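Quick notes on the structure that follows.
The values are calculated or read from the model by the stated rules, or taken from the named source; none is laboratory data. Owing to the predicted nature of the structure, the values given are computational and were not obtained by experimental measurement. Side chains included, ligands, DNA and RNA excluded: accessible areas come from the protein's heavy atoms. Shrake-Rupley method; radii C 1.70, N 1.55, O 1.52, S 1.80 Å.
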Amino acid sequence: MTTDVPNSTLQPASAPKRFRWRLVIFGAGLLIVVVVIARQWGAHPLIGQAAPPFEAPLLGGGTLDLSQHLGKDVVLLDFWATWCPPCRRGLPAIAATAAAHHGKGAVVYAVNLMEPETQVAAYLREADLTLPVAFDADGGIARLYEVSGIPQTVFIGKDGIIRDVHVGVSVGFESAVKRQMTKLLAETVVGNQD
């Protein structure tokens, strides 16, 4: 005589396995989120260091020579690319900052990573954005500034020291940029008063 085991008796044995796998997947996802957040909140290795000078071609002609601004102006560098959705979300705030602080002791440059000038110009027209764009054709400037992800926004004080580095675009990005720029513009650099 054979006895069939009802299907209902098999489910309790497989249900804990499914639960364990879901728990493992959830735990792995949570770990990834924690690592990403910790990297954003952790101090960037360049904070407190002298900003590395560089030269780069500018959209529309000319050359950015960062050494002309270091020790004189507050500098904001925003590393970005047209294919990057967070960069595209943050660029309007960078453009607004550039417009608001133009000629007021601060310079703002969107440093495009390895894209052709024609592609960048087309994107800026399409997005109706106006701001100074420098080109990092080979990624050398990004390596100097230890860019780990884009967008990466670098704030340099009037003294030429990197004060803050922000990776990504989060809620409140525009107000955070405004606060940091206001703070840096209010600082007085000893021995650099006109």
| query | Has segment 34-45 got at least one residue that is open to solvent by less than 30 Å² (accessible area, probe 1.4 Å), closer than 30 Å to residue 129 by Cα and modelled with pLDDT under 95? | reply | yes
| Looking at this structure, is residue 56 open to solvent by 40 Å² or more (accessible area, probe 1.4 Å) and either modelled with pLDDT under 95 or not basic (Lys, Arg) (or both)? | no
| query | Of the residues that make up segment 90-97, is at least one open to solvent by less than 20 Å² (accessible area, probe 1.4 Å), polar (S, T, N, Q) and over 14 Å from the mean Cα position of the chain (by Cα)? | reply | yes
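Hey, could you check segment 101-115 for residues that are open to solvent by less than 70 Å² (accessible area, probe 1.4 Å) and not aliphatic (A, V, I, L, M) and say which is nearest to residue 143 (Cα to Cα)? Give the derivation first.
Initially, segment 101-115 is screened for residues open to solvent by less than 70 Å² (accessible area, probe 1.4 Å), giving 101, 105-113, 115.
Adding the requirement that they be not aliphatic (A, V, I, L, M) leaves 101, 105, 109, 112, 115.
Values: 101: 27, 105: 27, 109: 17, 112: 13, 115: 16 Å.
Only one residue fits best here, namely 112.
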